[in-house]
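Undergrad: Before anything else, here's the structure in question.
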Amino acid sequence: MTMKLHGSRRTFALGFTLVLATLLGAFAFRSAAQDYNKGALLFALSTDGEARCARTGRNAPRVYQTKEFGVALRQFWDNEQTYLSIVFPDGRVFSPGAAGMLDGVIDMPPNFPWVATTSNGGDFYAPFMASAKWPRGCYELTALGGSSNRLASGFFVLDSLPMGPLNSGRAELNIEDNTTGDPSGLHGTTVNLHGRGFVGQEYISIWITAPDGTVIDYPMQLTSDVGSFASSFTFDSRFQTGRYSFTALGQSSGYQVIDTFDLAARNTAPNSYALLVVNWKQPAQNIQGGEFEITGQFFLPLEPVVVWLTLPDNSVRTLPDQYTNVYGEFFTDIFFDERLPTGTYKFTAKGVNSGRTVISNDVAVLQPGDPVINTSPPLGEPGPIVDDNNTFGAGEGGAIEGPGLPPNDPPALEPYTDLEPLRP
């Protein structure tokens, strides 16, 4: 089993309290190996049948968002601590505890290990709840024996909870760009929600389904005396691009309506001879749990530089501001942990004073790393972690105080827990 590459991590076990539920009546079992002479086993348990797993090309238990599923382990050592982890369809890896804290947008809570202790017979079972904050697709469950070092894995397919026939009554929902009135827009657009035809003075539940099936909460609305409501919020750059579905459900009338909005990314064009180069650090490993270095040249001397990262789903994460040395250069070492998806990334840097903007010619393709969470998370902000840079004194010229992010650039990275509507 490969160890995590980040030097500041140390192995420890942290247990989370399980809320026990009623035992499942009818199980759907699926495992790559059912021969009890083949080592440790992991089963995903569900009562919702099976579906095709794109990762394996075989059927696996189907699980619906907000519904219970079970995890069973077999043939580990007796009474040993076992680390349970979940590998998401996009390659992110979470412990069950961290997976239960996702918000559907940033999705970077502290990833503490989740430890299960097996029985005298080396077995374990626990029920879990599939979150609506998890995207649709095929998931891999992994279990690593802390003493035996046995590794087992199993799969399940997560799907949206089926909806019954919609009773729309006379209700209507219209989602539009605040400026153009179109059902589409770019990152940074303000979106208006207009509902009509509901019952007067009734509460309306609203939720947003992202392109990958993740459900995002939205504040409940209260209709006017004639059954209408209006609300708005901004699709900032932290959201993935694609088609979003907005659902409004009247709590008194039962009227339910859906409308969609297509979100696209803004194009950033380089406008200078500044350079930005991305290199994986030696030994070169472009995997989760590895480090890479960003170097910039030909900015102004002692200039603050905003650097942001475009993820495979076109959402944006801003890195801490960097500051050039007396030669207009900077470097920063970034640690990519397992909470970031696999795929292709793009890096952009913009000088705050000069306005010089450059996009890296190098494309970082992040590969899967360790599928097991068995070490403590590093301390720091919920995002890509800066291990070293010339701002901390390693480079010539040292650091200076700067103004931070310039207006209209990607926002600073922070947990995204609620969508607060913007009022006129």
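Undergrad: Would you tell me the accessible area of Trp207, worked out with a 1.4 angstrom probe on the heavy atoms of the protein chains, in Å² to the nearest 10?
TA: Its heavy atoms expose roughly 70 Å² to the probe.
Undergrad: Going from most exposed to least, what order do Met108, Met220 have by accessible area with a 1.4 Å probe?
TA: So, going from the largest accessible area down, we get Met220, Met108.
Undergrad: Another question, if that's okay. Taking all protein chains together and a probe of 1.4 Å, list Asp236, Asp217 from the most accessible to the least accessible. Display every interim value, and only then the final one.
TA: Numbers: Asp236 25, Asp217 85 Å².
From most exposed to least exposed: Asp217, Asp236.
Undergrad: In square nanometres and to one decimal, what's the mean projected area of the convex hull around the Cα atoms of the stretch 62-109?
TA: Numbers: hull surface 18.9 nm².
Projected over every direction and averaged, the Cα hull of the stretch 62-109 covers 4.7 nm².
Undergrad: A follow-up question, please. With charges set only on the Cβ (+1 for Lys and Arg, -1 for Asp and Glu), what does the dipole of the stretch 254-348 come to about its Cα centre, in debye to the nearest 20?
TA: On the way: 5 positive and 11 negative charges, 26 e Å.
So the dipole magnitude of the stretch 254-348 works out to roughly 120 debye.
Undergrad: Let me know the charge dipole size of the stretch 121-205 about its Cα centre in debye, to the nearest 20, where only the beta-carbon of Lys, Arg (+1) and Asp, Glu (-1) is charged. Working shown, then result.
TA: On the way: 5 positive and 8 negative charges, 45 e Å.
So the magnitude is around 220 debye.
Undergrad: What net charge is computed for the residues neighbouring Val226, neighbours being all others with C-beta under 12 Å from the C-beta of Val226, Lys and Arg scored +1, Asp and Glu -1?
TA: Numbers: positive: Arg170, Arg196; negative: Glu202, Asp225.
Once all neighbours under 12 Å are counted, the net charge is 0.
Undergrad: Report the calculated FRET efficiency for Ile258 and Leu186 (r = Cβ-Cβ distance, R0 = 22 Å), to the nearest 0.05.
TA: On the way: r = 23 Å, r/R0 = 1.02.
Approximately 0.45, to the nearest 0.05.
Undergrad: How much FRET efficiency would the formula 1/(1 + (r/R0)^6) give for Asp236 and Asn271, where r is the Cβ-Cβ distance and R0 is 35 Å, rounded to 0.05? Working shown, then result.
TA: On the way: r = 23 Å, r/R0 = 0.65.
The value I calculate is 0.95.
Undergrad: Mind checking the log10 I(q)/I(0) for the stretch 250-383 at q = 0.19 Å⁻¹? Debye, one equal scatterer per Cα, no solvent, two decimals.
TA: Log10 of I(q)/I(0), two decimals: -1.11.
The values are calculated or read from the model by the stated rules, or taken from the named source; none is laboratory data. Please read these numbers as outputs of a predicted model, since none were measured by experiment. Quick reminder, even Gly has a Cβ in these numbers, built from the backbone with ideal geometry, and neighbours come from all protein chains shown. Note: accessible area is taken over every heavy atom of the protein model, side chains too, but ligands, DNA and RNA are not part of it. Shrake-Rupley method; radii C 1.70, N 1.55, O 1.52, S 1.80 Å.
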